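Notes follow once the structure below has been shown.
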Amino acid sequence: MNRLKPFFIACGVSVLVSSCFLKKSGNPTAQDPGAVSTATGLKYYRDKAEGFAVTPYHSQPDAPNMRYIEGGRVVLGSFEEDILGYHDNIERTVSVASFYMDETEIANIHWLEYLYHLTTDSTKVDGGKAYKKALPDTLVWRSRLAFNDPYVDYYLRYPGFRYFPVVGVSWKQADTYSKWRTAAVNADLAEKAGETPSQQGGGRVPIENGYTIPNYRLPTEAEWEYAATALISTQWLDEMQTHQRLYPWDGHALRNPYGKQMGSFLANFKRGRGDYGGIAGHLNDGALITAYIYDFPPNDYGLYNMAGNVSEWVMDVYRPLSHQDFDDLNPIRRDDFLDSHGSYRSRWSKSSKDTTITAPEKDPQKMKIDVYTKNPQGFISLISDKSRVYKGGSWKDVAYWMSPGTRRFLEEDSATATIGFRCAMIRAGSNF
């Protein structure tokens with residue numbers, strides 16, 4: 001053994017020398033940029049007070065509640081029978097970059113945490129205006145013909161509902177929450193890294209430091225649909241997929257076909273007229289309204305309730321023909337570009353009363369509808385730059401709306417008891 005000791009020492013030294021040589025002769029990377037610039041030969045520093053600072057970087061930090069969604073090519077669109085004749089989500093092939101998405105819907109406890117910090121952080125600055133704007137509309141539960149009154153007072157704040165999805169939140173409120181969440185998480189990461197607000201540049205946490213996360217935001221419609229279908233497990237051989245999906249799971253059935261949960265529903269939805277949860281003793285989905293955010297099996301990306309429970313806001317402005325105008329890489333509809341909302345006008349003409357719309361001459365009958373947008377010619381349209389898409393079925397929807405390709409829209413300042421949201425985040429420093 002003693003005779004072999006010099007041999008092992010020599011091998012160890014050889015490996016060490018080789019590794020050092022390889023490191024010095026290798027190309028610089030984001031994780032190992034080297035000591036000097038390959039463009040100027042000037043030295044890099046760790047402290048910006050000394051010169052151009054290149055801070056340590058390993059990878060994008062883990063963000064709370066986020067799941068990694070590997071991107072790629074996908075055929076988006078509705079594979080459900082278009083029984084309403086909308087034709088507003090025709091199949092098309094696009095590529096979606098890798099990103100992150102919340103594994104669950106944002107829950108009541110998360111929103112209450114947000115409200116708490118608004119009272120402590122902003123009350124002295126704006127007199128509580130931010131807090132008031134962030135309050136969910138709990139009256140969304142109220143109905144003149146139903147006794148849902150207890151949910152008005154209890155759903156948001158009662159401890160038993162802590163991990164149920166927050167509802168009564170508008171698109172604008174969800175967007176504002178995402179910005180607050182980004183600031184809160186990055187401030188915490190900065191504090192853990194030992195930086196004070198003054199070192200962060202007047203309270204701004206710079207992205208150059210390498211330890212902060214990109215912005216939380218609402219997902220694009222393409223990201224949401226891509227993540228919901230979760231086709232990552234359907235790949236066969238080289239770039240071949242064995243099948244598409246009608247729902248976030250395989251098959252056309254709504255019940256679990258496997259194991260101890262065989263026969264149980266895979267999502268929280270309305271089975272039929274008046275049937276929200278089944279009969280006592282054997283409830284079909286176990287939820288008359290919303291359900292626990294971790295209920296029901298996650299899809300192949302590890303995301304819970306991408307069908308049913310609550311529908312979810314996405315970033316996009318709604319247009320029926322978005323599928324024709326999209327780019328085919330990371331598509332999104334932001335505004336009127338190439339598809340003005342002014343071209344979507346109903347045939348109804350305005351009468352003397354704002355809410356009364358007179359039908360065409362062939363049908364003199366009058367009807368009342370909600371007027372969202374009126375143009376100078378007196379026509380009305382439900383489509384505007386404030387009409388936002390929401391995806392997925394809810395506890396109050398039939399199974400048709402649980403297909404990821406289906407889409408609906410609502411004004412960005414509106415809220416219902418059936419719409420919630422989850423956040424997404426880019427994968428920074430990645431080209432796939």
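The values are calculated or read from the model by the stated rules, or taken from the named source; none is laboratory data. Keep in mind that what you see is a predicted model, and the values were worked out from it rather than measured. Positions of Cβ are backbone-derived with ideal geometry, glycine not excepted, and every protein chain shown enters the neighbour counts.
Among the listed residues ASP300, ASP285, which satisfies the condition of being out of contact with any Cys (no Cβ under 8 Å at 6 or more places or on another chain), assigned to a loop (DSSP other than H, G, I, E, B) and over 28 Å from LEU145 (Cα atoms)?
Of the residues listed, the single one that is out of contact with any Cys (no Cβ under 8 Å at 6 or more places or on another chain), assigned to a loop (DSSP other than H, G, I, E, B) and over 28 Å from LEU145 (Cα atoms) is ASP300.
Restricting to segment 264-279, and then to whatever is touching a residue at least 24 places away in the same chain (Cβ under 8 Å) and assigned to a strand (DSSP E or B), can you tell me which residue is surrounded by the most Cβ atoms within 10 Å (Cβ to Cβ)?
Among residues in segment 264-279 that are touching a residue at least 24 places away in the same chain (Cβ under 8 Å) and assigned to a strand (DSSP E or B), the one surrounded by the most Cβ atoms within 10 Å (Cβ to Cβ) is PHE265.
Here are some conditions: (1) assigned to a loop (DSSP other than H, G, I, E, B); (2) surrounded by 12 or more Cβ atoms within 10 Å (Cβ to Cβ); (3) at pLDDT 90 or above. THR38 meets all but one. Which one does it not meet?
(2)
Which one is farthest from ASN148 (Cα to Cα), of the residues in segment 240-253 that are surrounded by fewer than 16 Cβ atoms within 10 Å (Cβ to Cβ) and free of Cβ contacts under 8 Å to residues at least 24 places away in the same chain? Outline the logic, then answer.
Residues of segment 240-253 that are surrounded by fewer than 16 Cβ atoms within 10 Å (Cβ to Cβ), as a first pass: 240, 242-244, 250-253.
If we keep only those that are free of Cβ contacts under 8 Å to residues at least 24 places away in the same chain as well, we get 240, 242-243, 250-253.
Working: MET240: 49, THR242: 45, HIS243: 42, ASP250: 35, GLY251: 35, HIS252: 33, ALA253: 31 Å.
Here the answer is MET240.
State whether one or more residues within segment 405-419 are modelled with pLDDT of 95 or more, part of a loop (DSSP other than H, G, I, E, B), touching a strand residue (DSSP E or B) at 6+ places or on another chain (Cβ under 7 Å) and surrounded by 12 or more Cβ atoms within 10 Å (Cβ to Cβ).
Yes; the residues of segment 405-419 include at least one that is modelled with pLDDT of 95 or more, part of a loop (DSSP other than H, G, I, E, B), touching a strand residue (DSSP E or B) at 6+ places or on another chain (Cβ under 7 Å) and surrounded by 12 or more Cβ atoms within 10 Å (Cβ to Cβ).
Say we look at segment 67-88 and pick out the residues that are of a type in the set (A, V, I, L, M, F, W, C) and within 21 Å of ASP316 (Cα to Cα); which of these is surrounded by the most Cβ atoms within 10 Å (Cβ to Cβ)?
ILE69
Scan LEU112, LEU118 and give me the residue that is touching a helix residue (DSSP H, G or I) at 6+ places or on another chain (Cβ under 8 Å), of a type outside the set (Lys, Arg) and in contact (Cβ under 8 Å) with a residue 24 or more places away in the chain. Reasoning before the result, please.
Working: LEU112 fails: touching a helix residue (DSSP H, G or I) at 6+ places or on another chain (Cβ under 8 Å).
Exactly one of LEU112, LEU118 is touching a helix residue (DSSP H, G or I) at 6+ places or on another chain (Cβ under 8 Å), of a type outside the set (Lys, Arg) and in contact (Cβ under 8 Å) with a residue 24 or more places away in the chain, namely LEU118.
For the subset of segment 254-282 comprising residues that are among the charged types (D, E, K, R) and touching a helix residue (DSSP H, G or I) at 6+ places or on another chain (Cβ under 9 Å), which member is farthest from TYR151 (Cα to Cα)?
Applying the filter and picking the extreme gives ARG271.
Return yes when ILE90 is modelled with pLDDT under 85, assigned by TED's automatic domain parsing to the domain that holds ASN209 and among the hydrophobic types (A, V, I, L, M, F, W, C) and no when it is not. Talk me through it step by step, then tell me what you get.
Details: modelled with pLDDT under 85: no; assigned by TED's automatic domain parsing to the domain that holds ASN209: yes; among the hydrophobic types (A, V, I, L, M, F, W, C): yes.
Taking the combined requirement at face value, the residue does not satisfy it.
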